[in-house]
Amino acid sequence: MSDRIERMQEEVRAAGADLLVLNPGSSLTYLTGHSFDSHERLFLLLVPAQGSPSAIVPLLEQDNWNHAVPSVTDIHMWDDKDGPQAAARAAFAPFADAKRIAIEPLGMRYMEVAILQGLLAGAALESAESMIQALRLAKSAEEAALMRRACEISEETLEETLAEVRVGMTEKQIAAQLCARMLGKGGEGISFGPIVLGGPKSALPHGVPDERPVGDGEFLLIDFGTSWKGYHSDITRTFVVGSEPGDRMRDVYEAVLAGNRAGCAATRAGVSAHDVHMAAAAPLQDPKYGEFFKHRTGHGLGLDIHEPPSVMEGNHEPLVAGAVITVEPGLYLEGWGGVRIEDDLWVRPDGADSLTTFARDLRVVGV
């Protein structure tokens, strides 16, 4: 992974920053190929505009670091009995005259910020988002293949779980089966707490499954995912449990399905995220449904479950070839029910390569 660190150093120089500082998280994983945990311990990678990268590493992570990141040999090790202060002072001493230090706005904790401000008081802290996005936004074929495998595990899990769904099962029981099966099939973990919602609760875009039993003739919305070698899937499908759906249920479902299809069809490199959103939203603009589409069309996906770009109205940035996005329009009718259909798409110059393959037509389960 040393080539990624070298490319990141080029981005630091291009941005005019003196130093990029990363703590454990998805960007450090991207650069090193290894997922590290810091817990309460100081653990930092320092990527300077000039010179060799260095790291502050807790002693218990020494072997992991040496195996995963052999290209970074300037290591400031510390152990619990001595604390990290001496290691931090030594690591940051070469940057006493730095003026601009880049950090991740959603990743750096107060603990690390306080150390930076204490040791580099003359430097301004700024967002590293643009330089990180320059590397991580476009996924390689290898990265897309990992996400495709995560989708395959999720879809196999969903099919097997649906075979067990019955009227009267609780949302939490269905969610537990999803989690167990994903892990049993080799998924690395649960990308986020599965959203399993029946009946009127399916109108909650981010509702939480509970002990409520799923009733006959109700919508069942399932939004979930797993990861494979660090890369996530994020899939939503909506079903009807027990009985055949009524006309209103079919109308709502078909509107959302049309939005999903339109958004997927509009996705290709060079098209703006705004235009993809507007394409997906167009079939939902019927006056009887327009107020019930409550969120953006989608988001980026990769080592994080939510990454740039945001597929939403007003984001006129063109999609880049290699980006992976979700297209997930939905309608949410409070007190009645909701539908969301979500696919993961690898953006290509001539269209979108769908990493998800699970059927999208309305399906009755639990019969």
Taking 4 °C and 1.567 mPa s as the conditions, I'd like the Stokes-Einstein D for segment 1-152 in µm²/s, using the Kirkwood hydrodynamic radius from alpha carbon pairs. 82
In debye, nearest 20, what is the charge dipole magnitude of the chain about its Cα centre with +1 on Lys and Arg Cβ and -1 on Asp and Glu Cβ, if you could check? 180
With +1 on each Lys and Arg Cβ and -1 on each Asp and Glu Cβ, and nothing else charged, work out how big the dipole of segment 1-131 is about its Cα centre, in Debye to the nearest 20. 240
Please report the net charge: other residues with Cβ closer than 12 Å to the Cβ of Leu46, K and R +1, D and E -1. -3
If you count only protein heavy atoms with a 1.4 Å probe, what accessible area per residue comes out for segment 125-208, rounded to a whole Å²? 41
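How high is the FRET efficiency from His67 to Asp361, r the C-beta distance, R0 45 Å, rounded to 0.05? If you can, show how the numbers build up before the last one.
On the way: r = 48 Å, r/R0 = 1.06.
Working from the Cβ atoms, E equals 0.40.
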For the chain, calculated [θ]222 nm from helices alone, where every DSSP H run of n ≥ 4 adds -39500 (n - 2.57): -10000 deg cm²/dmol
Normalised by the number of residues in the chain, what is the relative contact order in percent for Cα pairs under 8 Å and 6+ residues apart? 14
Cβ neighbours within 10 Å, averaged per peptide: list 278-291, 195-208 in order, most packed at the top. 195-208, 278-291
Residue-count net charge about Glu254 - beta-carbon cut-off 15 Å; Lys, Arg +1, Asp, Glu -1: +3
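In the chain, carbon and sulfur make up what percent of the accessible area (probe 1.4 Å)? Mind dumping the intermediate values first?
On the way: 7820 of 15420 Å².
Carbon-and-sulfur percentage of accessible area, whole number: 51.
Stokes-Einstein D for the chain at 4 °C, 1.567 mPa s, Kirkwood Rh over Cα pairs, in µm²/s? Please list the in-between numbers first.
Working: Rh = 22.2 Å.
Translational D for this selection: 58 µm²/s.
What is the magnitude of the charge dipole of segment 70-136 about its Cα centre, with +1 placed on the Cβ of each Lys and Arg, -1 on the Cβ of each Asp and Glu, and no other charges, expressed in debye to the nearest 20?
On the way: 6 positive and 9 negative charges, 30 e Å.
Value, rounded to 20: 140 debye.
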With the dipole of the chain defined by +1 on each Lys or Arg Cβ and -1 on each Asp or Glu Cβ, the option from His295, Pro48, Leu146 whose Cα lies farthest towards the positive pole is His295
Counting other Cβ atoms within 10 Å, which trypsin sites (Lys or Arg not before Pro) in segment 1-109 have at most 16 and lie in a DSSP loop? Lys81, Lys99, Arg109
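Using the alpha carbons of segment 270-367, what is the convex hull volume per residue in cubic angstrom, as a whole number? Write out the running numbers ahead of the final one.
Working: hull volume 12.9 nm³, N = 98.
Convex hull volume per residue, Cα atoms: 132 Å³.
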Would you mind working out the accessible area per residue for segment 234-367, using a 1.4 Å probe, and quoting it in Å²? 39
Please give the per residue accessible area of segment 1-99, computed with a probe of 1.4 Å over protein heavy atoms only, in Å². 47
Inter-label distance for Ala121 and Leu183, nm, one decimal - labels placed 7 Å from Cα along Cα-to-Cβ: 4.9
With unit charges on the beta carbon (Lys/Arg positive, Asp/Glu negative), name the residue among Pro213, Ala176, Phe239 whose Cα is farthest towards the positive pole of the charge dipole of segment 167-244. Ala176
Range of Cα positions in segment 148-260 per principal axis (Å), largest first: 43, 31, 23
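The values are calculated or read from the model by the stated rules, or taken from the named source; none is laboratory data. As the structure is a computational prediction, the values presented were derived from the model and not from experiment. So basically every Cβ, Gly included, is an ideal-geometry build from the backbone, and we count neighbours across all protein chains shown. Note: areas computed on protein heavy atoms with side chains; ligands, DNA, RNA excluded. Shrake-Rupley method; radii C 1.70, N 1.55, O 1.52, S 1.80 Å.
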